[in-house]
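The values are calculated or read from the model by the stated rules, or taken from the named source; none is laboratory data. Computed from a predicted structure; not experimentally measured. Quick reminder, even Gly has a Cβ in these numbers, built from the backbone with ideal geometry, and neighbours come from all protein chains shown.
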Amino acid sequence: MLPENLEQDVYNFAEHISNQCDYIGAGTVEFIFDLDNTAIYFMEMNTRLQVEHPVTEKVSRVDIVANQFKIAGGESIAELVSKPQGYAIEARITAERTAVEGSEIKFIPTPGDVTAFSIPSGDHITVIKMVEAGKPITPYYDSLIAQIIVTGENREDTIDKLLAALENTEIKGVHTNIPLLKRVLKDEIFRKGDYNTQYLNGLLERIDVQEMIAEGDAASGAGQAVLDRSAVEIEGSTELKVISPSTGVFYDASSPSEPPFAPVGAKVSIGDTIGLLEAMKLFSPLSLKNSNPGGNFYDPEKEYEVVRVIPTPGQAVNKGDLLFVIKEAV
């Protein structure tokens, strides 16, 4: 938490900045806290509410959204008084799967159909959700699917309550970041509040990432479909399939003005980029090496020739869809 004098400075600076630019409406002024020098610096102003605004509402006892409508309707909020009380933390649940690729840990968007969705209720819990059981999570938008805002008497109390809420949350059909969120809330460095922008990298070095991945697989009820060699072989030929590892939007080039990564007739190795999959605003390079969930069925010592490209650029594909047909290059 900020020292009391700096907290008051933040309030004053935000007000002065708004007044100087004659700003009318709800907005968010952001500052950077320099831990070493115990100083704050202006970073930016967003002329809108941000996804974490419920936390401010909980501790300030001010309905920011309602007051935003008042301002838009020409009413005054000059008499508005904030009365900070208690503590609040928001957890953002995203549809993402943790994966280890080489030495790199990635969080991969995982669209799909939600088969179960349940978050605990209580006077101290507020839930903002974007899905329900039986609804799909599409690849076209952000990976955020729910926000859990928990209030408590202080930081420790609030962390404990949020952890309990996540322990009793059930979301199946898609992977989520709940296993990671729980590890953050249990981490002593986080609980002490002694962290900075490099915190996540350090946490991932301290925890058992494979254990976290296994927990995510089990909790989702989806797991990772494992294919065998026969799944990519085309009967009666020497041609092989390239299967989409996830749901997304397929692109054959980095932009419409650029040539395709792997047009018909091109020769590619297993690590070459042959396309892009976009899901939830993120573009993931596609190669023979990372296609086909559960196995790599291509010889790393050989080149392969592209025989057919199945989807058109911008076409939505599902996990398991056929993307390319290839054969060993002569």
Worksheet entry | Those residues of region 25-59 which are touching a residue at least 40 places away in the same chain (Cβ under 8 Å) and either surrounded by fewer than 11 Cβ atoms within 10 Å (Cβ to Cβ) or under 24 Å from GLN198 (Cβ atoms) (or both), in sequence order | LEU35, VAL51, VAL55
Worksheet, complete the sentence: For LEU282, the lone unmet condition from (1) outside the structural domain of PRO313 (by TED's automatic domain parsing); (2) closer than 16 Å to ILE108 by Cβ is (1)
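Out of all the residues in region 1-55, which are of a type outside the set (D, E, K, R), farther than 29 Å from PHE69 by Cβ and either at pLDDT below 90 or in contact with a Cys (Cβ under 8 Å, 6 or more places away or on another chain) (or both)? Spell out the reasoning first.
Taking region 1-55 and keeping what is of a type outside the set (D, E, K, R), we get 1-3, 5-6, 8, 10-14, 16-21, 23-29, 31-33, 35, 37-43, 45-47, 49-51, 53-55.
So of that shortlist, the ones also farther than 29 Å from PHE69 by Cβ come out as 1-3, 5-6, 32-33, 35, 37-41.
If the condition is that a residue be of a type outside the set (D, E, K, R), farther than 29 Å from PHE69 by Cβ and either at pLDDT below 90 or in contact with a Cys (Cβ under 8 Å, 6 or more places away or on another chain) (or both), then MET1, LEU2, PRO3, LEU35 are the ones that fit.
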Worksheet item: over 16 Å from ALA14 (Cβ atoms), assigned by TED's automatic domain parsing to the domain that holds ARG206 and modelled with pLDDT of 90 or more, is that true of GLU90?
Response: yes
Fill in: Elements of type strands (runs of 3 or more DSSP E) contained in region 190-301, each with 2 or more residues being closer than 26 Å to ASN177 by Cβ and of a type outside the set (Ser, Thr, Tyr)
248-251, 275-279, 282-286
Item to complete: Can you tell me which residue among VAL232, VAL184 is modelled with pLDDT under 90 and either in the same structural domain as LEU2 (by TED's automatic domain parsing) or surrounded by 12 or more Cβ atoms within 10 Å (Cβ to Cβ) (or both)?
Response: VAL232
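Considering only region 106-166, give the strands (runs of 3 or more DSSP E) lying wholly within it that have at least 3 residues that are among the aliphatic types (A, V, I, L, M) and assigned by TED's automatic domain parsing to the domain that holds SER244.
Numbers: elements: 116-118, 125-129, 144-152.
Those strands (runs of 3 or more DSSP E) do not exist here; none qualify.
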Fill in: Of all residues making up region 279-297, the number that are modelled with pLDDT under 85 and either in contact with a His (Cβ under 7 Å, 6 or more places away or on another chain) or basic (Lys, Arg) (or both)
1
Worksheet item: Right, GLU153: surrounded by fewer than 13 Cβ atoms within 10 Å (Cβ to Cβ) and modelled with pLDDT of 95 or more or not?
Response: yes
Worksheet entry | Out of GLU90, GLU79, GLU57, sole residue that is assigned to a strand (DSSP E or B) and under 25 Å from GLU7 (Cα atoms) | GLU90
Worksheet entry | Total residues in region 88-139, condition surrounded by fewer than 16 Cβ atoms within 10 Å (Cβ to Cβ), hydrophobic (A, V, I, L, M, F, W, C) and more than 20 Å from GLY173 (Cα to Cα) | 1
Worksheet item: In region 302-321, what residues are within 27 Å of THR138 (Cα to Cα), of a type in the set (A, V, I, L, M) and not in a loop (DSSP other than H, G, I, E, B)?
Response: VAL309, ALA316, VAL317
